[in-house]
Amino acid sequence: MNRPDGNAGERVAVTLAICVKNHRADLTATLRTVEEVRCADPWELLIVDNGSDDGSAEAARTFARASRHRVRVEVEPAPGVSVARNRALREARGDLLVFIDDDVDCTPGFLEAHVRAFADPAVHVTGGRIRPLLPENAPGWLREHLEEEVGGPTCRYDFGDRPLEVRKGSGLPMPASANAGMRRSAALDAGGFREDLGYSPAHGRILMSEDNELFQRMHGRGGRVLYLPDAEVVHRVRPEAATLSYYRTWNIGYGRSSVLMRGRSGPLRTGFRVLGQLFRIVRYTLSPFQWVFGSRAVGIRKRYQAVGRILELLRISWNPRGIHR
């Protein structure tokens, strides 16, 4: 049995990190699956509590005292998922760092699959397969077109049974931090997660893509990025996330983030970008165009991402409520 702070004198090759805020029940379910994880290399579990007031930190410490694995619990009171992830980057003892979300079920060999990929020193980022498990209340349009989802509220990241390289022109997106590995040194050298991105209700920000943005920078600095089907987790989609209102809100936040990632333009170019997004809204709203260009799920996603981009381009600070990370 391990103490909550692990064994500081032991070498650790890999850190598995979970950042949590007020999701005690989900975290407890996830930790039950983490207990069954196996890896030949010495590893630790690092849980960063981002100022929970529902007992999440206490649940993490209870798990740490009973677990057969090395477990540490840190508290990061400054709000924001990017702040919590950067705390994990600083605190991790492993040369390799694998993030998962607090609402996933880990397969026993998923961590070892991440580690194997890093045998190639050119690999800096790995993205494990994420299969979404929808709740009973999920609408039909989402169930019927789940295979078209990539990331988003479902976190789906599933591109078949062969390892693939994510590179320009491959058609594959960057991994999602619900199940992503990285070389800690490369992530730190790239500057870590941008703290002006990432969900932070205390700061009034409902933004996404802090993970995508960091992985793009790491890739741009020469690191290889791989998709790993064997590094699999199941994402338990929360009931409140499987609603039309949540789907709209999440994609507005994503649209805003994409503008911040790309950078702002002068007034003339901004005007053209706004017009382009207005056309996108029309394209994915009016029948029959929405059916020509994709399913209802795709239409909703594209429309509301465009709304978010317009809001950010015009510096309109309105953010809808009801989003969690």
message: Being crowded, with 18+ Cβ neighbours inside 10 Å and either within 28 Å of S56 (Cβ to Cβ) or at pLDDT 95 or above (or both) is true for just one of N86, N137. Which residue is that?
response: N86
- prompt: Is one or more of the residues making up the stretch 45-52 more than 20 Å from the chain's Cα centre (by Cα) and not hydrophobic (A, V, I, L, M, F, W, C)?
  reply: no
message: Here's a check for you: in the stretch 105-124, which residue that is in contact with a helix residue (DSSP H, G or I) (Cβ under 6 Å, 6 or more places away or on another chain) and either over 13 Å from A178 (Cα atoms) or modelled with pLDDT under 95 (or both) is surrounded by the most Cβ atoms within 10 Å (Cβ to Cβ)?
response: H124
- line: Of the residues in the stretch 118-168 that are in a strand (DSSP E or B) and of a type in the set (V, I, T), the one that is farthest from W250 (Cα to Cα) is V123
query: Would you pick out the residues in the stretch 166-188 that are among the polar types (S, T, N, Q), crowded, with 19+ Cβ neighbours inside 10 Å and modelled with pLDDT under 95?
result: S177
- prompt: Do the conditions hold for A176, that is, is it in contact with a helix residue (DSSP H, G or I) (Cβ under 7 Å, 6 or more places away or on another chain), among the hydrophobic types (A, V, I, L, M, F, W, C) and over 23 Å from E36 (Cα atoms)?
  reply: no
query: Which of the helices (runs of 4 or more DSSP H) contained wholly in the stretch 13-117 include at least 1 residues that are among the β-branched types (V, I, T), over 26 Å from L207 (Cβ atoms) and in contact with an Asp or Glu (Cβ under 9 Å, 6 or more places away or on another chain)?
result: 24-34, 110-117
statement: Scanning the stretch 62-118 for residues that are hydroxyl-bearing (S, T, Y) and either within 14 Å of K21 (Cβ to Cβ) or not assigned by TED's automatic domain parsing to the domain that holds L214 (or both) gives S82
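The values are calculated or read from the model by the stated rules, or taken from the named source; none is laboratory data. What you see is a predicted model, and the numbers here were worked out from it, not measured in a lab. Here the Cβ is made from the backbone with ideal geometry for all residues, glycine too, and neighbour counts use every protein chain on show.
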